[in-house]
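Worksheet: the structure to be examined is printed underneath.
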Amino acid sequence: MNLEYGEIERLVPPDMHPITVPFHVGRLLDGDPSADLDLARFDRIRLFRWDEKGKRSVSVTGMVYHPAEYRFVDGMRVKEIIDLAGGLEKNAYLRMAELTRSHIRQEGMVTETIDLDLEKALAGDPRHNILLQDYDHLVIRPVPDLEFDRTAVIQGQVKFPGTYPIGKGETLSSLIERAGGYMDKAYLKGAVFTRESAKVVQRQRLNTLTREVEESLLTSTGQAAGAALDPEEVKIQQAALETKKELIAKLRAAEVTGRVVVKLADMEKDEPSMYDVELEDGDTLTIPEMPGVVHVVGDVFNPTSLLYEEGRTVSYYLRKVGGMTKEADKKQVSVVKADGTVISIEQGNAGKLVFWDAEQNSWLFGGFMSMEMEPGDTVIVPRKLDRSLWLRTTKDLTQIVFQIAVAAGIVFAI
């Protein structure tokens, strides 16, 4: 006897249409209460031989309570298989379901797709509550664009910080409005907007960069093993390899933030802003108070944070920390603005007496070093590493890391 499958053929009033109720024979014999189904009048129990051939079946998947394969009986319709599967879930799409029908021929199998209106099928319309056939597979879809539990977080200098449920198409400006708008101390230029999908991409890029640096390290080691080098070259090469190892360690320990640059001040204007982005689940906007400091890091005599002074320039803050060391790469100095954007000395402004700042819509005099700093800005002075081919390679990798870090939202422990 087939211990895995038995069925009850049941006549359902008032029209006494037949349905099939499957049950597990083995579990029933073992005393499993869930397999001991209640019987009704006129029920007919069918048991099968263990080797019985030619079993006929239909399947239903998707938005039903018990998606499964069910034994097919003649006269079974769409409504019956839905009833067998426990009925439709509350978010089932009633306007269209898909029935895949397989025709078995000597030349092979041919499939046919039939679209059904479930609402009409359940109402008994014979054009949609069609007779089923062996091998039929009914797919019940969910209502389109259902997204539950989508939330975004806004914190810091707004009237009502917190976690807000968000709907499809809702934007950043809508979230700010729902949070009651900005407080008086809000520093819009320092706003930090993070996104989970951006974090995934940044992590992938960081992993790729880590692999490239590791491959470069292995290549350098292999070249060194096969080359005849004088003591000075050996010393330089060893220093380069150690720098690469340190870089790999920093890459592995790096924290990906998922930061996306936004300019909230642009969203205050009357015209539409490209920064008024559509929100995604898990987005977080943090609006700080004005920090009141400017940071100077890298190869300077006293890396530190200094009190912000209105109208003071890059060169002023560099002088305040003692200036750049002799190891500093003066051609690669950059400023990371509080909003996450980067301005470098190589962006066409080095050595110019006058240049146009598109962000401030004003002319600046004296070049990069005369650019006025703002609260929360950071001056970064990298180290010069171009004494040999080995160190130039390391320098290029270091610059790549820096560029990805400031543009892609990666935080390194320094």
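Every read-out reported here was derived from the displayed coordinates using simple, explicitly stated rules and does not represent laboratory data. A quick note: this is a predicted structure, and the numbers were derived from the prediction, not measured. All Cβ positions, glycine included, derive from the backbone under ideal geometry; neighbour counts span all protein chains shown.
Computed about the Cα centre, the dipole magnitude for segment 88-137 is approximately 80 debye when only Lys and Arg (+1) and Asp and Glu (-1) carry charge, each at its Cβ.
Where nothing but the Cβ of Lys and Arg (+1) and of Asp and Glu (-1) is charged, how large is the charge dipole of segment 100-163 around its Cα centre, in debye to the nearest 20? Could you put the intermediate results ahead of the total?
Details: 7 positive and 11 negative charges, 60 e Å.
Magnitude of the dipole: close to 280 debye.
Across segment 132-167, the residues whose backbone nitrogen lies under 13 Å from the label position 7 Å along the beta-carbon direction of ILE104 are 134-136.
Can you work out the FRET efficiency for the pair GLU119 and SER305, with r the C-beta to C-beta distance and R0 = 60 Å, to the nearest 0.05?
My answer for the efficiency is 0.35.
Of the options ILE104, ILE45, ILE140, report the single residue whose Cα projects farthest towards the positive end of the charge dipole of segment 6-140 (beta-carbon charges: Lys, Arg +1; Asp, Glu -1). Of the options given, the answer is ILE104. The reciprocal of the average 1/r between distinct C-alpha atoms defines the Kirkwood hydrodynamic radius, which for segment 70-114 equals 12.8 Å. The gain in end-to-end length when the GLU196 to GLU289 segment is fully stretched comes to 31.1 nm, 0.36 nm per residue minus the alpha carbon separation.
About the Cα centre, and with charges only on the beta carbon of Lys, Arg (+1) and Asp, Glu (-1), how big is the dipole of segment 6-140? Nearest 20 debye, please.
Computed charge dipole of segment 6-140: roughly 180 debye.
Placing dummy labels 7 Å off each Cα toward the beta-carbon, the span from LEU94 to THR325 is 7.4 nm.
Kirkwood hydrodynamic radius of segment 6-140, from the reciprocal of the average inverse Cα-Cα distance over all distinct pairs: 16.1 Å. Label sites at GLU215 and GLU4, each approximated as a point 7 angstrom past Cα along Cα to Cβ, lie 4.8 nm apart. Seen from ARG203, the other residues with C-beta closer than 14 Å to its C-beta sum to a net charge of +4, counting Lys and Arg as +1 and Asp and Glu as -1.
For segment 134-185, taking Cα atoms only, Rg and Dmax work out to 18.7, 71 Å respectively.
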